[in-house]
Amino acid sequence: HEATTELSIEGMTCASCVGRVERGLAQLPGVIAASVNLATERAQVRHLAGTVSVADLVAAVENAGYTARAAG
Ligand code: 9UX
């Protein structure tokens, strides 16, 4: 089934940053959609349960050049 994971992201300063993070997350197998809010520095990731871990999502954001952690 589908699940949503929320991440807190640091380092984004413009709309292009948002696009980089969204594309980085969206290309992971199992991810259905990724939506980043620049103002709140949060990402909501919809994915198939069990296909991606928080660590996978964090790694994708870091590969795009930003810092992420599971949102509290
Ligand atoms: Mo523009 Mo966002 O260079 O890093 S993409 S600030």
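Looking at this structure, is Leu7 part of a helix (DSSP H, G or I) and in contact with a strand residue (DSSP E or B) (Cβ under 9 Å, 6 or more places away or on another chain)?
The answer is no for Leu7.
Among the residues of the range 1-19 satisfying the criterion of being closer than 25 Å to Ala49 by Cα and without any contact (Cβ under 8 Å) to a residue 24 or more places away in the chain, which is surrounded by the most Cβ atoms within 10 Å (Cβ to Cβ)?
Step by step, filter the range 1-19, then rank; the result is Val18.
Does Val52 count as modelled with pLDDT of 95 or more, surrounded by 14 or more Cβ atoms within 10 Å (Cβ to Cβ), within 16 Å of the ligand (Cβ to nearest atom) and not aromatic (Phe, Trp, Tyr)?
Details: modelled with pLDDT of 95 or more: yes; surrounded by 14 or more Cβ atoms within 10 Å (Cβ to Cβ): yes; within 16 Å of the ligand (Cβ to nearest atom): no; not aromatic (Phe, Trp, Tyr): yes.
Considered against the rule, which asks whether it is modelled with pLDDT of 95 or more, surrounded by 14 or more Cβ atoms within 10 Å (Cβ to Cβ), within 16 Å of the ligand (Cβ to nearest atom) and not aromatic (Phe, Trp, Tyr), Val52 comes out as no.
Evaluate the range 20-29: report whether one residue or more is over 11 Å from the mean Cα position of the chain (by Cα) and surrounded by fewer than 12 Cβ atoms within 10 Å (Cβ to Cβ).
Within the range 20-29, one or more residues are over 11 Å from the mean Cα position of the chain (by Cα) and surrounded by fewer than 12 Cβ atoms within 10 Å (Cβ to Cβ).
Can you name every residue in the range 12-34 that is out of contact with any helix residue (DSSP H, G or I) (no Cβ under 7 Å at 6 or more places or on another chain) and either within 18 Å of Thr67 (Cα to Cα) or of a type in the set (D, E, K, R) (or both)?
Thr13, Cys14, Ala15, Ser16, Cys17, Val18, Gly19, Arg20, Glu22, Arg23, Ala26, Gln27
Any residue at all in the range 10-33 that is of a type in the set (D, E, K, R) and more than 16 Å from the ligand (Cβ to nearest atom)?
Looking for residues that are of a type in the set (D, E, K, R) and more than 16 Å from the ligand (Cβ to nearest atom), one finds none in the range 10-33, hence no.
The values are calculated or read from the model by the stated rules, or taken from the named source; none is laboratory data. Only a predicted model underlies this, so the values are computations on that prediction, with no experimental measurement involved. Because the Cβ atoms are built from the backbone with ideal geometry, glycine has one as well, and the counts that use them run over all protein chains shown.
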